[in-house]
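Q: Below is the structure I would like to discuss, written out as structure tokens.
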Amino acid sequence: MNAQRTERREDIIAAPSRFPLREVILFGTLLVAVLGVYAVMGTAYSTRMLVEASCYAILALGLTIQWGYAGQFNAGVMGFVALGAFATMFLSVPVNDAFWGTELPGELGRVLLYGAAAAMLVYGATKLDRVGVPKKLRTLIAIILAVVLYLVVISMMRGVTGEIQSRAGFIGGLGLPAWSGWIVGGALAGAIGYFIGHICLGLRSDYLAIATLGIAEIIKAFLKNSDWLTRGTATVSPLPWPTPGPSELGFTLARSLYLSVTAAMIAVIFFLLHRAYHAPWGRMIRAIRDNEISASAMGKDINKRRLEIFVLGCILMGIGGGALASFNSIFDPNGFLPLNHTFLVLVMVILGGPGNNLGTIFGAVAVYIIWLMSEPLALFLMHGAAALGEGWFGWEPPGNLDSRALQARVFVIGLLITLVLRFAPQGLLPEKVKHHG
């Protein structure tokens with residue numbers, strides 16, 4: 001019996017690995033597309049496209065470990081991207097002496113302490129049943145206490161924030177390096193994800209998607225309306241880069257240096273995720289995804305592991321959001337859109353293959369190229385059609401071709417996802433599942 005097991009194990013180990021023909025063809029085609037963009041659009045534009053695509057690749061890797069590894073459909077990617085961008089703005093923007101040089105920081109800190117004390121009181125009220133208070137009465141006391149303390153604290157907060165806006169504009173930043181904002185942005189997104197996960201991960205996948213979508217909109221609304229913290233719709237710019245900027249090196253060289261930083265980040269993330277995927281931890285996560293009941297019967301802590309993977313994905317989204325905000329050199333709460341920062345990332349993962357890290361990177365770059373280049377291509381085709389119609393039939397061309405070409409991006413992405421779901425529902429590079437039976 002042992003000899004048979006040893007022979008079988010040797011057969012599995014000695015099985016030759018296949019030549020990655022599909023990967024070579026797809027990445028070769030992608031390379032040709034990138035070179036074509038460089039030839040048509042120029043070096044500076046194309047390098048910027050690759051930097052933004054690499055930032056989106058980090059976001060897509062965060063989503064693929066949630067959805068591909070654990071089957072968690074997170075429709076609130078935009079919220080975690082915004083948190084990463086906010087943290088980067090707050091840490092990297094220069095210090096605002098009009099705020100920090102006054103008594104306003106002390107007043108704001110005092111109100112925040114009152115808020116923390118109020119939260120602790122409400123939390124303590126929810127535990128009154130442990131000292132003999134009936135549960136219904138405990139719930140009533142907690143609700144009344146929460147409402148009263150909220151009104152008191154929010155009234156104090158409005159007074160302080162009004163003073164901040166009138167005297168200093170907003171609180172400003174801390175003047176730290178941009179990369180520190182990326183790290184803190186990942187930590188902040190992970191912390192919020194931990195809180196959300198405790199509440200939402202018990203929901204079914206469709207309800208989880210609705211909950212995360214709503215939470216993302218709440219995050220965006222908070223950042224948009226907190227003028228004292230983020231300047232709201234007035235935006236904050238410029239945000240510093242972690243590398244020398246265009247004013248020092250020129251657009252092409254500066255963007256190339258930034259691209260080397262994001263590419264190195266992707267390489268490190270890919271290596272760590274690859275190791276985790278093939279480690280016992282990764283096999284356990286996939287076992288929970290494929291058969292939660294069996295994994296629970298084997299003694300696995302389902303909720304803990306699901307929370308781990310959700311938080312890990314949120315951390316990567318926060319880091320990617322910070323890197324993207326730094327590169328664009330602006331923090332605009334209105335600029336975070338579900339189409340750009342949730343749906344587009346979802347399409348990247350679907351095209352590449354959920355659960356396949358290499359496929360996700362391919363999907364991120366390919367979809368972003370299609371997203372950007374579909375507008376000028378559509379505009380070229382529209383101008384050609386308008387010229388033919390005017391020359392042959394005397395038609396008067398419409399005057400809003402530019403706006404129509406911009407909307408063509410949405411049509412192209414919708415057509416792309418329809419074709420992928422029809423002909424390659426598991427993605428162009430699907431997850432490789434090894435069977436040892």
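Q: Would you check if there is a residue in segment 304-312 being assigned by TED's automatic domain parsing to the domain that holds CYS55, over 21 Å from ASN356 (Cα atoms) and out of contact with any Pro (no Cβ under 7 Å at 6 or more places or on another chain)?
A: Filtering segment 304-312 down to residues assigned by TED's automatic domain parsing to the domain that holds CYS55 leaves 304-312.
Add one more test, that the residue is over 21 Å from ASN356 (Cα atoms), and what stays is 304.
Remaining after also requiring out of contact with any Pro (no Cβ under 7 Å at 6 or more places or on another chain): 304.
Yes: one or more hits.
Q: So, one more: Can you tell me which residues in segment 58-73 are open to solvent by less than 10 Å² (accessible area, probe 1.4 Å) and either touching a Gly at 6+ places or on another chain (Cβ under 7 Å) or aliphatic (A, V, I, L, M) (or both)? Show your work before the answer.
A: Step one: list which residues in segment 58-73 are open to solvent by less than 10 Å² (accessible area, probe 1.4 Å), which gives 58-66, 68-69, 72.
Result: ILE58, LEU59, ALA60, LEU61, GLY62, LEU63, THR64, ILE65, GLN66, GLY68, TYR69.
Q: Condition first: touching a Ser or Thr at 6+ places or on another chain (Cβ under 9 Å) and modelled with pLDDT of 90 or more. Can you find one or more residues in segment 291-314 that meet it?
A: For segment 291-314, residues touching a Ser or Thr at 6+ places or on another chain (Cβ under 9 Å) and modelled with pLDDT of 90 or more: present.
Q: Residues to consider are LEU379, LEU372; find the one that is among the aliphatic types (A, V, I, L, M), part of a helix (DSSP H, G or I), within 28 Å of the chain's Cα centre (by Cα) and surrounded by 16 or more Cβ atoms within 10 Å (Cβ to Cβ).
A: Working: LEU379 fails: within 28 Å of the chain's Cα centre (by Cα).
Going through LEU379, LEU372 in turn, the sole match is LEU372.
Q: A follow-up question, please. Scan segment 308-320 for residues that are more than 19 Å from THR88 (Cβ to Cβ) and open to solvent by 20 Å² or more (accessible area, probe 1.4 Å) and jot them down.
A: Initially, segment 308-320 is screened for residues more than 19 Å from THR88 (Cβ to Cβ), giving 308-312.
Listed by number, the residues that qualify are GLU308, VAL311, LEU312.
Q: Given (1) modelled with pLDDT of 95 or more; (2) open to solvent by 20 Å² or more (accessible area, probe 1.4 Å); (3) of a type outside the set (S, T, N, Q), where does ALA323 come up short, assuming only one miss?
A: It is condition (2) that ALA323 fails.
Q: Filtering segment 124-171 down to residues that are in contact with a helix residue (DSSP H, G or I) (Cβ under 7 Å, 6 or more places away or on another chain) and exposed (fewer than 13 other Cβ atoms within 10 Å of the Cβ), which residue is farthest from TYR114 (Cα to Cα)?
A: LYS135
Q: In addition: Inspect segment 37-46 for any residue being part of a helix (DSSP H, G or I), of a type in the set (Gly, Ala, Ser), closer than 27 Å to GLY282 by Cβ and touching a residue at least 60 places away in the same chain (Cβ under 8 Å) and give the result as yes or no. Steps first, please.
A: Step one: of segment 37-46, the residues part of a helix (DSSP H, G or I) are 37-41, 43-46.
From what's left, of a type in the set (Gly, Ala, Ser): 39, 44, 46.
Checking which are closer than 27 Å to GLY282 by Cβ leaves us with none.
Scanning segment 37-46, I find no residue that is part of a helix (DSSP H, G or I), of a type in the set (Gly, Ala, Ser), closer than 27 Å to GLY282 by Cβ and touching a residue at least 60 places away in the same chain (Cβ under 8 Å), so the answer is no.
Q: Please report, ordered by residue number, the helices (runs of 4 or more DSSP H) entirely within segment 179-265 with at least 3 residues that are more than 16 Å from the chain's Cα centre (by Cα) and under 20 Å from GLY335 (Cβ atoms).
A: Details: elements: 205-225, 227-230, 246-249.
Helices (runs of 4 or more DSSP H) meeting the threshold: 205-225, 227-230.
Q: Another question about this same structure. Would you check which residues across segment 245-292 are farther than 21 Å from GLY68 by Cβ and open to solvent by 90 Å² or more (accessible area, probe 1.4 Å) and list them? Even if it seems obvious, please write down each step before you answer.
A: Keep residues of segment 245-292 that are farther than 21 Å from GLY68 by Cβ, which gives 245-264.
Listed by number, the residues that qualify are SER247, GLU248, PHE251, LEU253.
Q: Turning to a different aspect of this structure: With surrounded by fewer than 14 Cβ atoms within 10 Å (Cβ to Cβ) and either touching a Leu at 6+ places or on another chain (Cβ under 9 Å) or more than 17 Å from THR342 (Cβ to Cβ) (or both) as the only criterion, which of ILE199, ILE183 stands out? Reasoning before the result, please.
A: Working: ILE183 fails: surrounded by fewer than 14 Cβ atoms within 10 Å (Cβ to Cβ).
Of the residues listed, the single one that is surrounded by fewer than 14 Cβ atoms within 10 Å (Cβ to Cβ) and either touching a Leu at 6+ places or on another chain (Cβ under 9 Å) or more than 17 Å from THR342 (Cβ to Cβ) (or both) is ILE199.
Q: Which pairs have Cβ atoms under 6 Å, sit 6 or more apart or on different chains, and link a residue in segment 388-412 that is in a loop (DSSP other than H, G, I, E, B) to one that is open to solvent by 60 Å² or more (accessible area, probe 1.4 Å)?
A: PRO397/GLU390
Q: Next question, about the same structure. Criterion first (outside any helix (DSSP H, G or I) and either within 17 Å of LEU61 (Cβ to Cβ) or over 22 Å from the mean Cα position of the chain (by Cα) (or both)) does GLY320 satisfy it?
A: Details: outside any helix (DSSP H, G or I): no; either within 17 Å of LEU61 (Cβ to Cβ) or over 22 Å from the mean Cα position of the chain (by Cα) (or both): yes.
So GLY320 fails the test.
Q: Among the residues in segment 105-114, are any of a type in the set (A, V, I, L, M), in contact (Cβ under 8 Å) with a residue 12 or more places away in the chain, outside the structural domain of ILE65 (by TED's automatic domain parsing) and open to solvent by less than 30 Å² (accessible area, probe 1.4 Å)? Give the derivation first.
A: First pass over segment 105-114, keeping only residues of a type in the set (A, V, I, L, M): 108, 111-113.
Narrowing further to those that are in contact (Cβ under 8 Å) with a residue 12 or more places away in the chain: 108, 111.
Add one more test, that the residue is outside the structural domain of ILE65 (by TED's automatic domain parsing), and what stays is 108, 111.
Right, trim to open to solvent by less than 30 Å² (accessible area, probe 1.4 Å) and you get 108, 111.
There is at least one residue in segment 105-114 that is of a type in the set (A, V, I, L, M), in contact (Cβ under 8 Å) with a residue 12 or more places away in the chain, outside the structural domain of ILE65 (by TED's automatic domain parsing) and open to solvent by less than 30 Å² (accessible area, probe 1.4 Å).
The values are calculated or read from the model by the stated rules, or taken from the named source; none is laboratory data. The structure displayed is predicted, hence computed values, not measured ones. Reconstructed Cβ throughout: ideal geometry from the backbone, glycine too, with neighbour counts over all protein chains shown. Keep in mind that these areas ignore ligands, DNA and RNA; they rest on the heavy atoms of the full protein, side chains included. Shrake-Rupley method; radii C 1.70, N 1.55, O 1.52, S 1.80 Å.
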